[in-house]
Amino acid sequence: MQVRDLYRRYGRVEAVSGVSLEAYPGEILGIVGESGSGKSTVLRLLNLEEPTDGGTYTLDLPDYAGQDLFALDRFAQRDVRTFHIGIVYQNPHLGLRMRYTSSGNVAERLLITGERTFATLREAARDSLAASEFPLDRMDDQPGKLSGGMQQRVQLAKAIALKPRLLLLDEPTTGLDVSVQALVLDTLKRLQRERQITMIMVSHDLGVIRMLADRVIVMRNGKIVESGLTDQVLEDPQDAYTQQLVHAKL
Amino acid sequence: MPLLEVSHLSKHFTIHHLDREIGVFEDLTFTLDEGQFMLVVGPNGAGKSTLLRCLYRTYLPTGGQAIYHARQGAIDLVTAADIDISYLRTAEIGFVTQFLRPRPRVSALELVAEPLTDAGEAWAAASARAGEMLTLFNLKPDLWQAYPTTFSGGEQQKVNLARALIHPRRLLLLDEPTASLDVPTRTALVARLAELKAQGVAMIGIFHHAEDVNALVDAHIPIVAASLELTGDMADVVE
Amino acid sequence: MTTLSTLAAARQDFAYGFLDSAAKRELRRRTLKAIAIPGYQVPYASRELPIARGWGTGGLQVTLSLVGPESVVKVIDQGADDSVNAVNLRRFIANMSGAQTTTDATRATLIQSRHRIPEEILSEGQALVLQVPDPEPLRGVARDTSLALQMHADADYGQLWLTLYEQLVRYKQYVEGASYPSLVNGRYVISPSPIPRWDTPKLHQAAHLTLLSAGREKRLYAVPPYTDVYPLEFTDQPFQVENQRAWSDSLTGVRNKYMTEIPNPDGSARHEISDTGYTEKLKRLAQGEAVGVGPTYFDDQGNFYHAGYLKRAASR
């Protein structure tokens, strides 16, 4: 995945300014920054949820090799977003339909692609939920009745249901109990290993980044201030802001 | 056959908010051949660990070169792209520290087998090999399925070593691997290192009990504190 | 001598068919558009009529725009020609157009119906006008109409299918007893008005024209003759009509026609075929009159006239 010179403006505020990054197959790229750094905006742009004010975006996909995804029409973008990208939001209410069943949330992804056999839908939902380490005896519970960690697992199952090559995660464990966080992160690590999915994970939590990310990008006020291998950025930060960020960790 | 050619390597830290530069070492030059074992020596706090971390790219060297002859060609570790370093770390260069970073709910056996499964090996073979390594380092079999997050320091270290040494590497960087180990395990470690050395693995190590590895050492790398201004104690500015 | 009175038509108190010519023209054009795009909901300017919204104004407007002096009109409400509303509408249409009326489904050229399709097979040249309360099959799924329109435009019915999935998970069966969402001509999903499941298959590859109109919601849509209509179903969970195989009509003894259940004073139940025009014919036939009873969509053994269209469930 490659993004060049990304720009996004809301009125006079430049939320994202000149961001370029790439992610290699099977790696986990972390994006760190404080609130307002633009990291979540970058993720939304990568999910083709919002129009961009500048920049190009390419994914190494058979049908879209070399094409700027921002320049595609609405239908092609929806196609890419459905089949090739999965996203997990910080707030499960954004990513899930709370009043449907958890298995239904996952099955919807297949329904969108035209799957019309009930048994296939059940099986696919089971597979995805199991891969997200969600207890199958609760697969027909509504997400609204589940704990935060379980809700994130349902989101994850939904995101990987169509076996996308790119998974976007926006603070997936923020707000969860610490012990639950560790479990969810472990599931992500397992998924990366077993399915070779490329993940881009936004977090303000350096512990989470250290645990999962192979490389990390530090953002501030819409710009990238530093990037490198996770251990290097966290242990030998070069930029003044990064040094502050790293040393401020309690 | 030279594996690593370091020339004029130097490292200093720039602490922006204090507006300070802390020198660690400078103008370091040495060559490491395949199958060679070099011991890093110097006073405490002089920067021995820093050297290893610079070679592993956990720290960014500030000057000089470190040409590493990878299977696919020569590459300067100082200026290599992150993705290439990432690759070298999984395939060719290993780092053994005192500290294990266990993940919750991952058993000792899984952690040790991980380098093999990451490289694509099947679980059956990988876990068998992991078992051999854990046996070598004297971790009781009834702990293999347990979670290292609950282990003592010494037990964690055994898992650490097994994991670090299971996958064949070409270059091993060892940062005080024998700290917190009992004597039998230290012996097992040295034996394993000797084995690997005989297979052509090159090693650069810092050892608290240098006498353990006397028989393996081919050369020394002396680290002397940098001549750049070193104000204040290292420990109090750098975490 | 030529006077104005000889040249002009006689002054009337109302336009032919009650609606003025501009209204009729608009409705006919909208109807043609609906027929040209099967299943697509065409918006129209719904006129004021002497009955209130919710009482059949949509169906009535379509009927009034199509009726002519040679038309033969049948009006039913839940299958009955003699219900108050049906009688009311039929009288109004007849007064406004001078058309003939009938209770015989096979003789009518124009049938306006609330919530039922007659049992006898309709043929080419007949038009069925169904009254629709809510034309939007996505109402439960997308409350916002602009979202629903977007979904129809993109043929993005994923969420509608999701509600069917949820029904199977929760209740082990599809739950809609009427207005069962159906796919027309492989493109648009419609709500076929609150006809019972029994009637939904009658829309598929029919010889007659079906027009559906919602007066309050101001939309009309059509199923042209010989158009594919399939109720939404998963490949391994077939759509089923009501199981009334055990019931028989208390007046004629006939089976496998759509019946309503009527409680007896003693608590037991008897059943009556809801299509009164059809039972009327059967009664007269039994009394020896020469009455032409047409073939029915479901024969007396319960087989549907298009073989293979309805799949029996393997087991529940």
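The values are calculated or read from the model by the stated rules, or taken from the named source; none is laboratory data. No experiment lies behind these values; they were computed from the predicted model shown. Virtual Cβ from ideal backbone geometry, glycine too; neighbours counted across all protein chains shown.
Observations, loosely collected:
- Candidates in segment C:174-229 are the residues that are without any contact (Cβ under 8 Å) to a residue 40 or more places away in the chain and not hydrophobic (A, V, I, L, M, F, W, C); of these, the one that is nearest to C:LEU149 (Cα to Cα) is C:GLU176.
- The set of residues in segment B:10-19 being in contact with a helix residue (DSSP H, G or I) (Cβ under 7 Å, 6 or more places away or on another chain) and touching a residue at least 12 places away in the same chain (Cβ under 8 Å) consists of B:LYS11, B:ILE15, B:LEU18.
- Residues of segment A:127-151 satisfying the condition of being of a type in the set (Ser, Thr, Tyr) and either under 18 Å from A:LEU94 (Cα atoms) or within 14 Å of another protein chain (Cβ to nearest Cβ) (or both): A:SER147
- Residues (hydrophobic (A, V, I, L, M, F, W, C), touching a residue at least 60 places away in the same chain (Cβ under 8 Å) and either within 14 Å of chain C (Cβ to nearest Cβ) or assigned to a helix (DSSP H, G or I) (or both)) located in segment A:66-96: A:PHE83, A:LEU96
- Positions within segment B:67-106 being within 12 Å of another protein chain (Cβ to nearest Cβ) and among the hydroxyl-bearing types (Ser, Thr, Tyr), in sequence order: B:SER86, B:TYR87, B:THR90, B:THR97
- Among residues of segment B:29-44, those that are modelled with pLDDT under 90 and either surrounded by fewer than 15 Cβ atoms within 10 Å (Cβ to Cβ) or within 14 Å of B:VAL78 (Cα to Cα) (or both), counted: 2
- Count of residues meeting criterion [surrounded by fewer than 21 Cβ atoms within 10 Å (Cβ to Cβ) and of a type in the set (S, T, N, Q)] in segment C:104-138: 3
- Screening A:VAL202 on (1) out of contact with any Asp or Glu (no Cβ under 7 Å at 6 or more places or on another chain); (2) surrounded by 23 or more Cβ atoms within 10 Å (Cβ to Cβ) shows it passes everything except condition (1).
- Per the listing C:LEU138, C:LEU149, the residue uniquely under 30 Å from A:ASP79 (Cα atoms) and part of a loop (DSSP other than H, G, I, E, B) is C:LEU138.
- Extreme residue, modelled with the lowest pLDDT, among residues of segment B:47-75 that are part of a loop (DSSP other than H, G, I, E, B) and buried (at least 17 other Cβ atoms within 10 Å of the Cβ): B:GLY47
- Criterion: touching a residue at least 40 places away in the same chain (Cβ under 8 Å), closer than 30 Å to B:LEU51 by Cα and not in a helix (DSSP H, G or I) - qualifying residue of A:ILE209, A:ILE224, A:ILE200: A:ILE224
- Restricting attention to segment B:198-211, the residues that are in contact (Cβ under 8 Å) with a residue 24 or more places away in the chain, surrounded by fewer than 20 Cβ atoms within 10 Å (Cβ to Cβ) and not small (Gly, Ala, Ser) add up to 3.
- Helices (runs of 4 or more DSSP H) (entirely within segment B:77-179) containing at least 1 residues that are in contact (Cβ under 8 Å) with a residue 60 or more places away in the chain, buried (at least 21 other Cβ atoms within 10 Å of the Cβ) and polar (S, T, N, Q): B:153-165
- Residues of segment A:48-70 satisfying the condition of being of a type in the set (A, V, I, L, M) and more than 24 Å from A:LYS223 (Cβ to Cβ): A:LEU61, A:ALA65
- Within segment A:21-48, the set of residues being over 28 Å from A:ARG193 (Cβ atoms) and not in a helix (DSSP H, G or I) comprises A:GLU34, A:SER35, A:GLY36, A:SER37, A:GLY38.
- Picking from residues in segment C:247-278 that are polar (S, T, N, Q) and more than 14 Å from C:ASP300 (Cβ to Cβ), the one that is surrounded by the most Cβ atoms within 10 Å (Cβ to Cβ) is C:SER274.
- Test: residue in segment A:169-180 that is farther than 22 Å from B:PHE95 by Cβ, more than 13 Å from chain B (Cβ to nearest Cβ), in a strand (DSSP E or B) and touching a helix residue (DSSP H, G or I) at 6+ places or on another chain (Cβ under 9 Å): yes
- Pairing each residue of segment B:212-236 that is in a loop (DSSP other than H, G, I, E, B) with any residue that is at pLDDT below 80, provided the two are 6+ apart or on different chains, yields C-beta distances under 7 Å for B:ILE223/B:ALA46; B:VAL224/B:ALA46; B:ALA225/B:ALA46.
- For segment C:91-103, the candidate set comprises residues that are of a type in the set (A, V, I, L, M) and assigned to a helix (DSSP H, G or I); within that set, the residue that is nearest to C:ALA52 (Cα to Cα) is C:ILE93.
- Segment A:182-207, subset farther than 20 Å from A:LEU59 by Cα and in contact with a Gly (Cβ under 8 Å, 6 or more places away or on another chain), residue nearest to the other protein chains (Cβ to nearest Cβ): A:LEU183
- Checked against the criterion of being aliphatic (A, V, I, L, M), away from every other protein chain (no Cβ under 14 Å), outside any strand (DSSP E or B) and touching a residue at least 12 places away in the same chain (Cβ under 8 Å), segment B:39-46 has at least one qualifying residue.
- From A:GLY30, A:GLY54, residue being touching a residue at least 12 places away in the same chain (Cβ under 8 Å) and either within 14 Å of chain C (Cβ to nearest Cβ) or crowded, with 22+ Cβ neighbours inside 10 Å (or both): A:GLY30
- Exclusive hit being away from chain B (no Cβ under 11 Å) and in contact (Cβ under 8 Å) with a residue 60 or more places away in the chain, set A:VAL216, A:VAL154: A:VAL154
- Looking only at residues in segment A:97-126 that are crowded, with 16+ Cβ neighbours inside 10 Å, in a helix (DSSP H, G or I) and among the charged types (D, E, K, R), the one that is nearest to the other protein chains (Cβ to nearest Cβ) is A:GLU108.
- If you go through segment C:191-229 and pick out every residue that is surrounded by fewer than 20 Cβ atoms within 10 Å (Cβ to Cβ), closer than 14 Å to C:LEU122 by Cα and either touching a Gly at 6+ places or on another chain (Cβ under 8 Å) or among the hydrophobic types (A, V, I, L, M, F, W, C) (or both), you end up with 1.
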